[in-house]
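S.K.: The structure's right below; bear with me while I get my questions together.
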Amino acid sequence: MDAAICIGCGACVAACPNGSAMLFTASKVTHLGLLPQGQPERHSRVLNMVAQHDAEGFGGCSNIGECTAVCPKGIPFETISQLNRDLLGAWARNGN
Ligand code: SF4
């Protein structure tokens with residue numbers, strides 16, 4: 001539940017050379033996806049949140065790691081890996 005402590009400060013986005021908001025997005029997707037109450041929308045949530053991330057013009061993650069270095073809550077880089085696992089699962093479920 002480390003991801004649940006994200007405060008949405010945006011420091012991760014500001015620090016990222018790609019202007020990626022993946023650590024923030026991953027924090028929200030991950031903490032909601034791990035809760036029993038979050039299961040019914042787990043797949044649609046990750047698809048919609050990543051689509052909105054891209055639609056807003058944020059850059060892609062290229063594993064630089066500046067986000068975790070500046071995150072005041074110490075949210076780990078592995079949170080983005082969890083997002084990617086959820087995204088792959090949602091794509092597989094939707095036949096993409
Ligand atoms: S820097 Fe950390 S606490 Fe702030 S928005 Fe990004 S993930 Fe959330």
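The values are calculated or read from the model by the stated rules, or taken from the named source; none is laboratory data. Not measured: the values here are computed from a predicted model. Every residue, glycine as well, gets a Cβ built from its backbone with ideal geometry; the counts of neighbours run over all protein chains shown. In case anyone asks, the SASA skips ligands and DNA or RNA and just uses the protein heavy atoms, side chains included. Shrake-Rupley method; radii C 1.70, N 1.55, O 1.52, S 1.80 Å.
S.K.: Quick one: in segment 83-96, of everything that is open to solvent by 40 Å² or more (accessible area, probe 1.4 Å) and over 20 Å from N18 (Cα atoms), which residue is farthest from the chain's Cα centre (by Cα)?
M.R.: G95
So that you can scan it fast, the table gives a plain yes or no per residue for (1) small (G, A, S); (2) in contact with a Lys or Arg (Cβ under 6 Å, 6 or more places away or on another chain); (3) at pLDDT below 95; (4) over 16 Å from L88 (Cα atoms):
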position	(1), (2), (3), (4)
G10	yes, no, no, yes
H31	no, no, yes, yes
P40	no, no, yes, yes
G59	yes, no, no, yes
T68	no, no, no, yes
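S.K.: To continue, here is another question. Among residues belonging to segment 30-72 that are in a helix (DSSP H, G or I) and within 12 Å of the ligand (Cβ to nearest atom), point out the one that is farthest from C16 (Cα to Cα).
M.R.: In this case the residue turns out to be H31.
S.K.: Out of the residues in segment 7-23 that are of a type in the set (A, V, I, L, M) and near the ligand (Cβ under 6 Å from one of its atoms), state the one that is surrounded by the fewest Cβ atoms within 10 Å (Cβ to Cβ).
M.R.: Across segment 7-23, the extreme among qualifying residues is I7.
S.K.: In the list A26, A4, A90, which residue meets the criterion of being away from the ligand (no atom under 16 Å from the Cβ), in a helix (DSSP H, G or I) and either at pLDDT below 95 or in contact with a Leu (Cβ under 7 Å, 6 or more places away or on another chain) (or both)?
M.R.: Answer to the selection: A90.
S.K.: Quick test of your reading of the structure: L32 fulfils all but one of (1) without any contact (Cβ under 8 Å) to a residue 24 or more places away in the chain; (2) touching a Phe, Trp or Tyr at 6+ places or on another chain (Cβ under 8 Å). Name the failing condition by number.
M.R.: (2)
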